[in-house]
């Protein structure tokens, strides 16, 4: 009996299941090709590993979606036609037995006492709250010419992240953006190319975090002068989710 109910539900929603399966297969195939392309084009070991992980997940999703479509096809054209689906019987109307209850004589109304309204006492007004100034958070880095203002410290980020801030020191030569895994990375990876134009309260670069594993990452800004020296870099701890 339970099997017949399940088959009836599958037959009723077979069109939506087919649509969901085809969409899942198309998305998985698209992600598989994109991961293979990223794996061939990248030169970093970490990014190759991330692309391989995305490729494996996309291949697994494609196999599952294909298996779902095959199983649904077998059920629709082989199993369900062989199973007799019972027709729901219409309920038989039952006659209602009407019982007449004796009517009771209503009791006379009880007189109610009317209270004389009293003058309400004035409600004292609450004291007016005084506005307090909210202190601004201190900048994440002490050097005013080496600042990352967005994303902020401990901010949760994902996808395409626009990095804002300032890269302007005396005798400026270039600045670069890097990221590392964890709070104290042992290795740094470049974000884009070296930039030779100073920036003041503007866009420093764009970081594509798509495909990165969830966890703690450190974003670093380094500004170098024409002598090759540079002040302490600006590090910002972020969470990729």
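Just so you know, all these numbers are worked out from the coordinates, no wet-lab data involved. These numbers were taken from a predicted model, which means no experiment stands behind them. Quick reminder, even Gly has a Cβ in these numbers, built from the backbone with ideal geometry, and neighbours come from all protein chains shown.
Taking the number of Cβ atoms within 10 Å of each Cβ as an exposure proxy, the fewest-first ranking of 57, 196 is 196, 57. Contact order for the stretch 146-240, expressed relative to its length and based on alpha carbon pairs under 8 Å spaced 6+ residues apart, stands at 39 percent. For the stretch 146-240, the C-alpha radius of gyration sits at 1.03 times the compact-globule guess of 2.2 N^0.38 Å, with N the residue count.
Sorting 238, 71 on the 10 Å Cβ count, fewest up front, what's the list?
Least to most surrounded, the residues fall as 71, 238.
Counting beta carbons within 10 Å around each of 38, 225 and listing the fewest first gives the order 225, 38. Taken over the stretch 2-82, the convex hull of the Cα atoms encloses 78 Å³ per residue.
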